[in-house]
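Okay, so here's the structure we're looking at.
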Amino acid sequence: MSATVNLSRRRFLRNTSLAAGALVVGTALPWRNVTASEADILESGVLVAVGTDGRVTLQFTWNELGQGAMTSLALVVAEELCVTTDRVDVAVPIWESKYGDNVTGGSSSMRMSWQPLREAAAAAREMLVGAYCSRMSYVPSDCKAENGAVMHKKLGKSIPYGELVAQASDLPVPESPVLKDRADYTLVGHETPRRDTRDKVLGRAVFGFDLARPGLLRAAFARCPSLDGKVGSVDDAAALAIPGVTRVVTLETSVAVLANDTWSAFRGRDALRVEWEESGDRTDSAAYWSLMAGKADDKGFVTRNEGDVDTGLASASKVLEAEYRLPFIAHAVMEPSSCTVHVHDGTCDVEGPTQAPGWVARAVAEAIGLDTADVHMKSTYAGSAFGRRLLPDYAIEGALVSKEIGAPVQVVWSREDEMRHEFYRPASLHRLQAGLDADGRLTTWSHKTVTPSITAQRFPDPNRTGADRGAMSGIDDVDYRPAHFRATHVPVDAPINLGWLRSVYDAQNALVNECFMDELAAAAGRDPVEFRLDVLPDDSRLRRVLTEAAARSGWPHPSQPGRSLGIACHACFGSYGAQMAEVSVTKGRLRVHRIVSVLDCALAVNPNAVRAQMEGGVAMGLSVLLRERITFDRGRVLEGNFDDYDPLRLSEMPEVECHLLETDADMGGVGEPVFPPTAPAVLNAVFAATGQRIRELPIEERLRGDG
Amino acid sequence: MATYDLKVNGRVHTVDVQPDKPLLWVLREEIGLHGVKYGCGIAECGACTVLIGGIAERSCNLTSADVGNAEITTIEGLSVDGEHPVQQAWIEGDVPQCGFCQPGFILQTVSLLESNPEPTDADIDREMSDMICRCGTYQRIRGAIHVAAERRKP
Ligand code: FES
Ligand code: FES
């Protein structure tokens with residue numbers, strides 16, 4: 001049983017917008033100590049309050065990144081408390097260290113809060129019913145909560161929540177509140193419009209760059225173009241001559257130009273002349289690929305080994321080998337990084353978009369010598385995130401400058417800054433080997449990935465050795481069960497900064513698995529769906545989504561002549577996805593007409609938001625497949641803006657058909673799982689259309705003109 | 001510095017700025033219209049789109065002098081409270097994810113429908129593809145454009 005407590009009479013609910021006199025129930029989040037004290041629960045940041053006006057407030061500390069978290073979490077509370085969603089307000093408090101790291105990423109906001117939120121809301125509901133019963137001298141079993149009021153099931157006399165709040169606040173929290181049955185849901189699982197839509201459509205949503213206030217200085221930075229460089233010498237005369245520029249602050253690894261407005265700050269920065277002291281061997285993309293290819297001959301670290309791959313290959317009727325290469329890519333978030341920082345009186349206030357206020361606070365505290373508890377972070381809307389905003393670099397810069405000048409500053413990144421100084425998805429090189437038996441069935445599978453470890457670079461630890469578990473996600477935990485199976489990681493150093501990008505390693509790994517599966521099916525002369533089903537256990541949820549995707553897409557027949565189909569499936573972040581892509585290729589031009597996407601995330605709290613994530617996952621999957629790649633020379637990223645790093649455009653967006661499958665299993669994520677199967681499904685369809693196997697991304701420049 | 005009288009959202013704003021300062025930054029930081037977004041600064045993404053005399057333009061690519069007397073409309077001035085048919089279609093279709101690109105796409109759509117009240121999918125592809133939505137809301141944008149076109153019919 002989780003620690004759910006009554007906090008109504010606690011008067012130290014500072015930093016919350018909960019009205020006085022409210023019934024307040026708090027629940028510990030699962031990663032916190034479940035024997036938490038009341039104070040700890042207060043600090044966990046998940047509170048459900050019912051005010052004397054009958055309105056419900058949900059306080060939580062996830063960040064709205066465009067995934068619809070606010071809407072879906074409010075929906076859960078409304079459902080369990082039996083009120084309409086318009087009676088639920090969502091309050092996001094200013095982050096303090098007591099809330100923990102509060103990372104919004106890994107498709108986790110709903111998965112983590114689903115249980116505690118329901119328990120808190122159900123407890124509040126039972127307390128309101130209890131108050132009603134004692135006032136009316138009824139027994140709870142004769143009464144029910146409905147539409148913001150409690151009533152007797154037969155006599156029908158109802159009292160609204162607001163009038164019961166005072167009495168309910170004096171009741172103990174029920175030991176184990178009874179959660180609603182899924183079959184009785186009227187809100188959860190139903191299409192619900194997003195709460196943030198209106199603000200965004202009216203241009204009222206406040207993002208990082210929008211935190212303007214009078215007198216606020218903007219800070220643009222010159223940063224070392226390669227990893228690990230330091231400032232050598234600075235000539236700031238030209239920068240200071242730019243109107244609007246007020247000051248130049250030289251830090252250890254960057255130089256800040258402060259100005260009264262953003263444009264002048266950018267111009268001043270561009271006018272700086274900085275000599276960098278660069279260290280390390282600064283490599284270029286071609287040399288890095290050679291290094292990776294050489295590393296592929298290393299034994300590496302085997303993380304799953306079943307049967308005996310060598311014997312399997314030796315006894316196979318047919319053996320196939322292939323090598324796949326996937327480049328570094330950028331998040332290219334829609335709004336370049338920005339935040340506003342004020343260091344004053346031994347504290348630091350940070351305001352801006354983030355996925356991890358706790359990480360920001362810790363990093364900022366360490367950078368300027370404060371206690372983490374003295375850093376406060378207020379989140380704004382994020383102009384997309386995809387993992388980029390897990391990193392605290394832009395807040396650290398702001399804190400260093402604000403401390404130096406004793407005034408608040410707004411850190412502003414140009415698009416070029418964002419493209420060249422962010423944290424990239426690791427490149428990877430994959431070696432595959434597989435064996436088929438005489439009947440064209442898969443007996444042997446070996447997947448070796450050569451790729452740098454994000455964890456090793458971001459959290460260096462000399463005692464850590466071996467494979468990176470993260471890098472093997474989607475390689476060693478796949479559902480495929482051939483007799484002989486081997487998964488291997490060869491870690492390699494990275495020449496540029498690494499970060500977590502939507503699905504992290506799963507998108508790369510899924511592409512390689514699923515395209516090689518398609519190669520094998522073709523070599524065996526078998527249907528790609530049938531071929532996979534051979535090696536998927538009967539109870540595999542992957543099997544189900546794959547079969548559904550085939551059934552619902554008309555597989556193996558394209559909807560029109562001249563088109564070709566490809567299929568792929570993948571499981572990650574607790575969910576199972578399969579996709580069918582329908583394409584045509586004319587004179588080297590790929591057109592993706594249709595994607596049929598099937599997702600089993602167990603339960604879709606708000607199918608509208610889930611579909612949005614599926615559509616977005618498809619768009620990003622295609623974008624990465626077609627054109628995205630980061631290249632570098634002497635350690636410097638070459639791409640600078642959307643002219644040479646060109647994400648998917650509207651004209652390239654296929655029609656996406658979403659199908660959600662329900663299961664009783666634990667809830668899975670929805671932000672990440674649809675991204676990975678997209679690219680391989682399309683690439684397999686490209687093969688079906690042209691006979692061309694492309695094993696290196698991005699593919700637009702590699703598509704043959706004669707297709 | 002130079003002085004310009006800019007007609008924005010039905011009001012005249014007198015601004016005193018560097019002549020080469022992009023209209024984007026004048027609108028955002030001199031006039032305080034934050035619905036005009038900075039995404040690239042080189043007319044590649046459309047986040048900074050505004051209407052100038054009813055036609056969608058990239059404000060990062062213009063200066064105050066370029067605008068002259070023409071009426072500028074930003075998302076803030078499109079309607080009082082979101083009642084413009086394009087905004088209505090966007091709300092109904094629940095189009096935005098992060099929302100950052102959406103003012104630009106909405107204004108581009110207003111401009112499109114003005115010149116082409118019943119755009120085909122091919123027209124939409126042509127008109128809406130020199131902008132970027134990194135969240136990939138394209139399918140909903142397309143749907144909302146058709147809905148808005150339907151709504152505007154007399
Ligand atoms: S900011 Fe003007 S088009 Fe991108
Ligand atoms: S909604 Fe996020 S960039 Fe378009």
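Computed over the stretch B:2-76, the convex hull of the alpha-carbon atoms projects to a mean area of 4.1 nm². Apply the a/c threshold of 1.5 to the C-alpha gyration tensor of the stretch B:85-152 and tell me whether it is rounded, prolate or oblate. Judged from the Cα gyration tensor, the stretch B:85-152 comes out oblate (a/c at least 1.5, b/c at or above a/b).
If both residues of a DSSP beta bridge must be in chain A, then about 75% of such bridges are antiparallel. Amide hydrogen proximity for A:Val656: with H placed 1.01 Å from N in the peptide plane, the residues at 5 or more positions away or on another chain lying under 5 Å are A:Ile595.
Under the rule a/c < 1.5 gives rounded, and otherwise a/b versus b/c splits prolate from oblate, where does the protein assembly as shown land using the Cα gyration tensor? In terms of gyration-tensor shape, rounded.
To the nearest 10 degrees, how steeply does helix B:138-152 sit against the main Cα axis of chain B, on a 0 to 90 scale? Rounded to the nearest ten degrees, it is 90. Hey, what did the stretch A:500-621 get for relative contact order, percent, Cα under 8 Å, at least 6 apart? The value is 18 percent.
Sites listed here are GluC sites (Glu not before Pro) in the stretch B:76-106 whose DSSP assignment is loop and whose Cβ has at most 10 other Cβ atoms within 10 Å: B:Glu83.
Working from label points 7 Å from Cα in the Cα-to-Cβ sense, the B:Ala2 to B:Asn61 distance is 2.0 nm.
In percent, how large is the relative contact order of chain A, given Cα pairs closer than 8 Å and 6 or more residues apart? This gives 13 percent for chain A. The charge dipole of the stretch B:2-76, taken about the Cα centre with unit charges on the Cβ atoms of Lys, Arg (+1) and Asp, Glu (-1), comes to about 140 debye, rounded to the nearest 20. Applying the criteria of a DSSP loop state and at most 15 other Cβ atoms within 10 Å to the GluC sites (Glu not before Pro) of the stretch A:117-177 yields A:Glu175.
Each Cα pair under 8 Å and six or more residues apart adds its separation to the average, and for chain B the resulting relative contact order is 23 percent. Summing -39500 (n - 2.57) over the DSSP H runs of n ≥ 4 in chain A and dividing by its residue number, what mean residue ellipticity at 222 nm do you reach, to the nearest 500 deg cm²/dmol? Per the formula, -9000 deg cm²/dmol.
Coupling constants for the stretch A:688-703 follow from the phi torsions by the Karplus curve (6.51 cos²θ - 1.76 cosθ + 1.60, θ = phi - 60°), and in residue order they are 4, 7, 10, x, 8, 9, 10, 10, 9, 9, x, 9, 3, 6, 9, 5 Hz; glycine and proline get x.
Applying 0.36 nm per residue to the separation of A:Asp461 and A:Asp308 and subtracting their alpha-carbon distance, the gain on full extension is 51.8 nm.
Extending 7 Å from Cα along the Cβ direction at A:Arg469 and again at A:Lys157 yields two label points whose distance is 5.8 nm.
Candidate cross-link partners of A:Lys299 among the lysines, defined by an alpha-carbon separation under 20 Å and a same-chain spacing of 8 or more, comprise A:Lys448.
Maximal additional length on extending the A:Asp235-A:Tyr480 stretch stands at 82.2 nm, based on 0.36 nm per residue less the C-alpha distance. Note on A:Ser315 and A:Ala166: the extension gain reaches 46.0 nm, defined as 0.36 nm multiplied by sequence separation minus the Cα-Cα distance. Peptide A:638-648 has a mean of 4 when you count, residue by residue, the C-beta atoms of other protein chains within 10 Å of its C-beta.
Looking at the stretch A:468-557, none of the GluC sites (Glu not before Pro) sits in a DSSP loop with at most 14 other Cβ atoms within 10 Å of its own Cβ. Its convex hull of Cα atoms gives the stretch A:248-393 a direction-averaged projected area, equal to a quarter of the hull surface, of 15.1 nm². Sort out the exposed loop chymotrypsin sites (Phe, Trp or Tyr not before Pro) in chain A (DSSP loop, at most 12 other Cβ within 10 Å) and tell me the longest stretch that has none. Within chain A, the longest run free of exposed chymotrypsin sites (Phe, Trp or Tyr not before Pro) spans A:32-707.
Modelled this way, with points 7 Å down the Cα-to-C-beta line, the labels at A:Ala91 and B:Ser79 are 3.2 nm from one another.
Rule-based calculations on the coordinates, nothing more; no lab input. Bear in mind that the values here come from a model prediction, so they are computed numbers and not experimental data. Counting neighbours? That spans all protein chains shown, and the Cβs are built from the backbone with ideal geometry, glycine included.
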